[in-house]
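The values are calculated or read from the model by the stated rules, or taken from the named source; none is laboratory data. Worth saying up front: this structure is predicted, and the values here are computed from it rather than measured. Neighbour counts are summed over all protein chains in view; Cβ atoms, including those assigned to glycine, are modelled from backbone coordinates with ideal geometry. When the accessible area is computed, the model is the full protein with side chains, heavy atoms only, and any ligands, DNA or RNA have been set aside. Shrake-Rupley method; radii C 1.70, N 1.55, O 1.52, S 1.80 Å.
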Amino acid sequence: MHKTRGRQVETAWSAIAIIVALGLVAIWAWWPAARPQLTLEHRAVEKATMWLFALTALVGVAAAVRHRGRPRLTIALAVLGLLGAMEEASWVLRLGLTPPRLLDVQLDCFHDLVEVAYRFLLLPGSRPYLIIVGVLALVALLVALHLLIRHWPAVRRRLQEPPWRLLVISAGLLAVSVLLDFKLFDGKWRAFFEEMIELQASLALLFAALACWVDPRPGQPPDAEGLIGRS
């Protein structure tokens, strides 16, 4: 079976992701002096994550201009890349402002609001709100499952395309990093895995944009576009 250029990009992503993960684990295990570069804000790993998200935004815009046939996905990737770069940059601090604190959480990024909401729901007097949020979350989950089952053939077709698969992988990794950010687990490894997972999420999102760039019509041979144009 012919391997599309998008699948080749996906294969390259998997190889690079494995190399990056093994490299970071090796540095963490055998180079303790470099651990701050892996875990602290505004250090090597977080800066790399920020630039990968920013590059995703640029590639997404370029892909949207190049292939007008799939603008929704490419524009979505560009927007997600821009938002990810802003989150990793801690834009409040970058502007020289003093971020406010709420429930002992420093609000320098939008995702900090999630941790604030989590801590608020754990307060002794927040039980009614916790019940409401739990019910709403359950309803949202049931609606999402209903839509997934109803539209499963279309979803399955989308997931056969490398850009969509990489987008889903990136979203899943970011969800895991948010859970780690809640500090539900203690230990020095938590910050390391959180930053590494965010880096891997940005890498997957970048390769999703690259797959859109090189393969505007997934599932077809590279010369299929020309054949269709000549028919």
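Within the stretch 10-22, take every residue that is in contact (Cβ under 8 Å) with a residue 60 or more places away in the chain and among the hydrophobic types (A, V, I, L, M, F, W, C) and give me the one that is surrounded by the most Cβ atoms within 10 Å (Cβ to Cβ).
Going residue by residue through the stretch 10-22, those that are in contact (Cβ under 8 Å) with a residue 60 or more places away in the chain are 10, 12-13, 16-17, 20-21.
If we keep only those that are among the hydrophobic types (A, V, I, L, M, F, W, C) as well, we get 12-13, 16-17, 20-21.
Numbers: A12: 13, W13: 22, I16: 14, A17: 17, V20: 16, A21: 15.
Going through the qualifying residues, I end up with W13.
Each residue in the stretch 31-48 was checked for being of a type in the set (D, E) and farther than 15 Å from V20 by Cα, and 1 of them qualify. If the condition is being surrounded by fewer than 18 Cβ atoms within 10 Å (Cβ to Cβ), modelled with pLDDT under 80 and either closer than 18 Å to P162 by Cα or of a type in the set (G, A, S) (or both), then the stretch 71-94 contributes only P71. Of the helices (runs of 4 or more DSSP H) lying entirely inside the stretch 95-188, those carrying at least 3 residues that are at pLDDT 85 or above and either open to solvent by less than 100 Å² (accessible area, probe 1.4 Å) or among the charged types (D, E, K, R) (or both) are 127-150, 162-181. Take the residues of the stretch 23-56 that are more than 18 Å from the chain's Cα centre (by Cα) and of a type in the set (K, R): which is most open to solvent (accessible area, probe 1.4 Å)? That would be R43.
Considering only residues that are aliphatic (A, V, I, L, M) and in contact with a helix residue (DSSP H, G or I) (Cβ under 7 Å, 6 or more places away or on another chain), which ones fall in the stretch 136-167? Outline the logic, then answer.
Just the residues of the stretch 136-167 that are aliphatic (A, V, I, L, M), to begin with: 136-145, 147-149, 154-155, 159, 166-167.
Selection gives L148, V155, L159, L166, L167.
Each residue in the stretch 1-50 was checked for being closer than 23 Å to L83 by Cα and hydroxyl-bearing (S, T, Y), and 2 of them qualify.
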